[in-house]
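Report on one structure; see the data block that follows.
The values are calculated or read from the model by the stated rules, or taken from the named source; none is laboratory data. Quantities reported herein were computed from a predicted structural model and do not represent experimental measurements. Using ideal geometry, Cβ is built from the backbone for each residue, glycine included, and neighbour counts are taken over all protein chains shown.
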Amino acid sequence: MFSILSSSSSSQLVNSTLNFQNSPKSPITVMSKTSKFKTLTENFTVRVLKAENRELNVALLSPFTIASSRLDSVSNVAIRIELNDGFVGWGEAPILPSVTAEDQIMAMVKAREASEFLRELPEMKLGNVLQEIGRFLPGHQFASVRAGMEMAMIDAAAKSVRVPLWKLFGGASSTITTDITIPIVSPAEASVLASKYRKRGFETLKLKVGKNLKADIEVLQAIRAVHPTCSFILDANEGYQTEEAVKVLETLHEMKVTPVLFEQPVHRDNWEGLSHVTRTAKNRFGVSIAADESCRGLTDLKKIIEGNIVDVVNIKLAKTGILESLEVIELARSSGIELMIGGMVETRLAMGFSGHLAAGLGCFRFIDLDTPLLLADDPVQGGYKACGAVYEFKDEGGHGGYLQWNDVAQ
C-alpha cells in the first residue's frame, strides 16, 4: 500500500507558433527542439491559486540495494499546484539517501515554504515563475524539491494549453524503451529476476555492482546463464577503487561479455581515477563510461568536458531541476558527450515527466526510467502506459499523471 500524508487562446498561441517536422536524427540543438517549451515560458501568464505538498510513501517489491545505500521503501514528496484557471499540475521530489542532498523531512519543509512563496507571487510569465523557484531553491542542496516544484508548474501550464509534454519538449516520439535494474542481490535472486524480465521483453538489464568484486562477477554469470542475449549496463554507484573497476572489465572480457555502459565506477570526486577508467575501458575493451554522481550540474559538466573525463553523462532531473537539466543536455550535446536519462527511486509522477522529456527530445542513447516497475503499488492515476519495456505517452495535456489527493489521510 502507499500513503500520501501531510485557456483556449493560449493553446492556439503555443500550437500555432511551431510544428514538429524535425526528424529525431536531425542535428537540431536542444533549445531549438524545445522552442515550443520556450514559447510557453515566454508567453503564457500564470497565477498560482493553490500549492501544497504531502509525503509520498510507497513500498518496494523488495529492498533496493546499491553500493552506497539500501532503500526498503520510497519516501518522496508529492507536490500539487493549481492555477487560477483551474488546471492542476503534479510534481514529485524524489529522495534517495546518499544521492539527493535532501531527506524527506527537509524536502517537506522546503516544499511547504516554496508553496507558500508561490501562492504570494503576482501574476507573471511562466518563465519568470520558474526563475523565482530557482532563486528560492538554489543549488544542489534543494535540487530535488526544485525539480518537483518545476514539474508541477510546467505540468499545470501544459494542461492549460492542452499540449502533452512530449510535444512541448520537441515531439521526436511518443514512446521510449527503458532498461530495468537488478539491485545488489545474490546470484540466485539475480537469476530469477533476469528470467522474469526476459519474459517481459526487457533486452537491457542494468546491474548494480560495487560492493564486492567477486560477488558481482558471480551475479553477472548467473544472469548471463538465463538471459544470454541481454545487453548489460553496470552501475557501481561510486563503489569501486580505480583498479577494481578495471579488473571488472578485464574479467568480463575473459567471459566474452562487453557491457554497453559502465556507470560511475569510482567515487564522484576521484576525477583522475574516473578519467583512467574511461581511457582504459575505451582503448582496451570498447566500453563507454558514464558520470552520474560526478555530474551534478553545469559546473561538473564543464570540468568533464575540459578534462575529457567520460563519454556519457546521466541526466537526472532531481540532481539539477528541469531548467538546468535542459542546459546540461544542450552543453553535453554540443560538446560531443552522449546522454543517458535516469532517476532516483520514483513513482510515475516524476518518471512520467522524465519519460516525456526523453521522448520529446529523442537524443538519449541510454534510457533508465524503470523504478515505478520496482514498486509494490502504483499510487498514480492516468499518465503513460507501460507495455513491458516500452512506455507510451498520450496526447493529453501535461504528463497526464495525478494522485487521488483527497481520498487519503492527511
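Would you point out the residue of region 276-304, among those that are among the aliphatic types (A, V, I, L, M) and assigned to a helix (DSSP H, G or I), that is surrounded by the fewest Cβ atoms within 10 Å (Cβ to Cβ)?
298
Evaluate region 141-150: report whether one residue or more is assigned to a helix (DSSP H, G or I) and surrounded by fewer than 17 Cβ atoms within 10 Å (Cβ to Cβ).
Yes, that holds for at least one residue.
How many residues are hydrophobic (A, V, I, L, M, F, W, C) and under 17 Å from residue 154 (Cβ atoms) when one looks only at region 330-374?
9
Any idea how many residues of region 368-386 are acidic (Asp, Glu) and surrounded by 19 or more Cβ atoms within 10 Å (Cβ to Cβ)?
2
Only one of these conditions is not met by residue 256: (1) over 26 Å from the mean Cα position of the chain (by Cα); (2) at pLDDT 95 or above; (3) part of a loop (DSSP other than H, G, I, E, B). Which number is it?
The number of the failed condition is (2).
For residue 239, which of the numbered conditions (1) within 26 Å of the chain's Cα centre (by Cα); (2) surrounded by fewer than 21 Cβ atoms within 10 Å (Cβ to Cβ); (3) within 17 Å of residue 184 (Cβ to Cβ) fails to hold?
Checking residue 239 against (1) within 26 Å of the chain's Cα centre (by Cα); (2) surrounded by fewer than 21 Cβ atoms within 10 Å (Cβ to Cβ); (3) within 17 Å of residue 184 (Cβ to Cβ), the one that fails is (2).
Determine whether region 72-79 contains at least one residue that is assigned to a strand (DSSP E or B), closer than 18 Å to residue 382 by Cβ and out of contact with any Pro (no Cβ under 9 Å at 6 or more places or on another chain).
Yes: one or more hits.
Has region 378-389 got any residue that is of a type in the set (A, V, I, L, M, F, W, C), in contact with a helix residue (DSSP H, G or I) (Cβ under 7 Å, 6 or more places away or on another chain), modelled with pLDDT of 95 or more and under 15 Å from residue 317 (Cα atoms)?
So far as region 378-389 goes, no, none of its residues is of a type in the set (A, V, I, L, M, F, W, C), in contact with a helix residue (DSSP H, G or I) (Cβ under 7 Å, 6 or more places away or on another chain), modelled with pLDDT of 95 or more and under 15 Å from residue 317 (Cα atoms).
Mind checking which pairs have a first residue in region 64-77 that is not assigned by TED's automatic domain parsing to the domain that holds residue 193 and at pLDDT 90 or above and a second that is hydroxyl-bearing (Ser, Thr, Tyr) and assigned to a loop (DSSP other than H, G, I, E, B), Cβ under 9 Å, 6 or more apart or different chains?
Every condition considered, the pairs that remain are 66/98; 74/347; 76/347.
Would you point out which residue out of 220, 213 is farther than 22 Å from residue 61 by Cα, at pLDDT below 95 and not small (Gly, Ala, Ser)?
The conditions single out 213.
Does residue 246 satisfy the condition of being among the hydrophobic types (A, V, I, L, M, F, W, C), assigned to a helix (DSSP H, G or I) and closer than 17 Å to residue 311 by Cβ?
Criteria met by residue 246.
So, in region 316-370, exactly how many residues are over 18 Å from residue 299 (Cβ atoms), touching a Pro at 6+ places or on another chain (Cβ under 8 Å) and either of a type in the set (Phe, Trp, Tyr) or in a helix (DSSP H, G or I) (or both)?
Here the count works out to 4.
If a residue has to be assigned to a strand (DSSP E or B) and surrounded by 20 or more Cβ atoms within 10 Å (Cβ to Cβ) to count, how many in region 84-101 make the cut?
5
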